[in-house]
Amino acid sequence: MATAGKVIKCRAAVAWEPSKPLVMEEIEVAPPQAHEIRIKIVATGVCHTDLYHLFEGKHKDGFPCVLGHEGAGIVESVGSEVTKFNPGDKVIPLFISQCGQCRFCKSPKTNLCEKGWASDRYDVMSESDTRFTCKGKKVLQFMGTSTFSEYTVVNEIAVAKIHPSAPLDKVCLLGCGVATGYGAALNTAKVEPGSTCAVFGLGAVGLAAVMGCKNAGAKRIIAIDINPTKYEKAKVFGATEFVNPKDHNKPISQVLYEMTNGGVDFSLECVGSVAVMRSALESCVKGWGVSVLVGWTDMDDFAARPIQLIAGRTWKGSLFGGFKSKDGVPKLVNEYLEKKVKLDEFVTHNMTLAQVNDAIQLMKTGDCIRSVLSVALQ
């Protein structure tokens, strides 16, 4: 590539400050350093976690930044000591690294990694170091990825090389939302054949959780959302029933208790609301019910009565669906290519990077499942 070793000037959507619209700017992207990869981003999804940082977390030290963490692209150039990636490779940047060396990477019990922003900067949601500048100012790389830019630079421990025939405008969704929900059902909840499941929240993560429950062999999959238009979509992914909490004058946990003879075997909270997390736990059957927190939030404490757990329920959390990122994402891409995992059905809007604020508004109002933005030309 003619640009290798040089600063690239390109378009990016910059979040200068919290709660404000993103601004299309020309930014400078420095060449990759040792163990880094510069990626041309072809497509990116817009995920609720982008909105969380912009409108809820709003940590002053997390701006200015380039948001976006659900992207796919092509390697433009590699830094020194990078041996497993070459220019032209199709890749997905990862917001969870997998160094392969730390105690977490070496353990089969978790997909966490001690390297990267996620080890100690959950509040700011980015590393202090960045390869971006704009108008003479340092611009942070959100979740280490920043896919709302035509080019980004990512450490090789947070990049997955994927099948060369994979359509980037579809498999980008495996960079966050779909992998998160799907894996929460399969890897974290460990949904069992013949079981009864409840999924709270039918955005992309929740619908992916529904798909995970179905692929695990669940018999009943109860989809729960306050937006009745989501039911038809949920059926596509395997939901067998739909409940709108607004249709009932009693707590949703009581509704599910009565529907299921005492509660569901597995529940997944895919909203990011501590109140819904409690409802999801209380919807589980005593003795063996498992409830998984999937929705991302770090704003409020959650609460429940101790007897809920003493009586045998399990409450656990899931990050990126429990997938070890560099290992898991290429396999998920292959499963999509083999038609074992759905992706196309999540995409309700195709837009351009310049329309990112419109895509954010669609997500705020719940009028989309996933908007995919075309970023740079392939």
Heavy-atom accessible area with a 1.4 angstrom probe orders M299, M143, M24, most exposed first, as M299, M24, M143
Per DSSP H run of at least 4 residues, take -39500 (n - 2.57); add these up for the chain, divide by its residues and hand me the 222 nm value, nearest 500 deg cm²/dmol. -5500 deg cm²/dmol
Of the options S107, T147, S318, report the single residue whose Cα projects farthest towards the positive end of the charge dipole of the chain (beta-carbon charges: Lys, Arg +1; Asp, Glu -1). S107
Partner lysines whose C-alpha sits under 22 Å from that of K6, ignoring same-chain residues fewer than 8 away, are K40, K84, K90, K135, K137, K138
Tell me which label goes with the value of Rg and Dmax of the Cα atoms in Å computed from the coordinates here: (i) 20.3, 65; (ii) 22.5, 88; (iii) 20.6, 69. (i)
Place a +1 charge on the Cβ of each Lys and Arg in segment 110-239 and a -1 charge on the Cβ of each Asp and Glu, then give the dipole magnitude about the Cα centre in debye, rounded to the nearest 20. 320
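First compute the accessible area of the chain with a 1.4 Å probe, then give the percent of it belonging to carbon and sulfur atoms. Numbers along the way, then the final one.
Working: 8160 of 15860 Å².
It is 51 percent, rounded to a whole number.
Over segment 181-318, calculate the relative contact order: mean separation of alpha carbon pairs under 8 Å at least 6 apart, over the residue count, as a percent. Working shown, then result.
Numbers: 316 pairs, mean separation 31.7, N = 138.
Relative contact order comes out at 23 percent.
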Place a label point 7 angstrom from the Cα of K9 along the Cα-to-Cβ direction, then list the residues of segment 64-86 whose backbone nitrogen is under 13 Å away. none
Ignoring ligands, DNA and RNA, what accessible area per residue does segment 62-116 give at 1.4 Å, in Å²? 41
Could you give each residue of segment 199-206 its phi-based ³J(HN,Hα) in whole Hz, using Karplus coefficients 6.51, -1.76, 1.60 with θ = phi - 60°, and x for Gly or Pro? 10, 9, x, 10, x, 4, 5, x
If amide hydrogens are placed 1.01 Å from N in the peptide plane, which non-local residues have theirs closer than 5 Å to the one on L140? C65, V66
Quick calc, the chain, dipole around Cα centre from Cβ unit charges on Lys, Arg (+) and Asp, Glu (-), nearest 20 debye, gives 600
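How high is the relative contact order of the chain, in percent, with contacts defined as C-alpha pairs under 8 Å that are six or more residues apart? The partial results should precede the final answer.
On the way: 952 pairs, mean separation 68.0, N = 378.
Relative CO of the chain lands at 18 percent.
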Tell me, what is the Rg over Rh of segment 181-318, with Rh the Kirkwood radius over Cα pairs? 0.92
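Set the bar at 20 Å for Cα to Cα. Now go through K214/K340; K20/K364; K246/K316; K190/K219; K115/K316 and name every pair that lies beyond it. Before the final figure, lay out each step's value.
On the way: K214/K340 11 Å; K20/K364 14 Å; K246/K316 27 Å; K190/K219 14 Å; K115/K316 23 Å.
Listed pairs above 20 Å: K246/K316; K115/K316.
Only four residue types carry charge here, +1 at the Cβ of Lys and Arg and -1 at the Cβ of Asp and Glu. Report the dipole size of segment 181-318 about the Cα centre in Debye, rounded to the nearest 20.
Working: 14 positive and 12 negative charges, 57 e Å.
Using only the charged Cβ atoms, the result is roughly 280 debye.
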Run the quick spin-label model on S19 and K250: label points 7 Å from Cα toward the beta carbon, then report their separation in nm to one decimal. 4.0
Measuring with a 1.4 Å probe in the full set of protein chains, what accessible area per residue, in whole Å², belongs to segment 181-318? 44
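The values are calculated or read from the model by the stated rules, or taken from the named source; none is laboratory data. These numbers come from a predicted model, not from an experiment. Heads up, the Cβs are rebuilt from the backbone with ideal geometry, glycines too, and the neighbour counts pull from every protein chain shown. All accessible areas refer to the heavy atoms of the entire protein, side chains included, with ligands and DNA or RNA removed. Shrake-Rupley method; radii C 1.70, N 1.55, O 1.52, S 1.80 Å.
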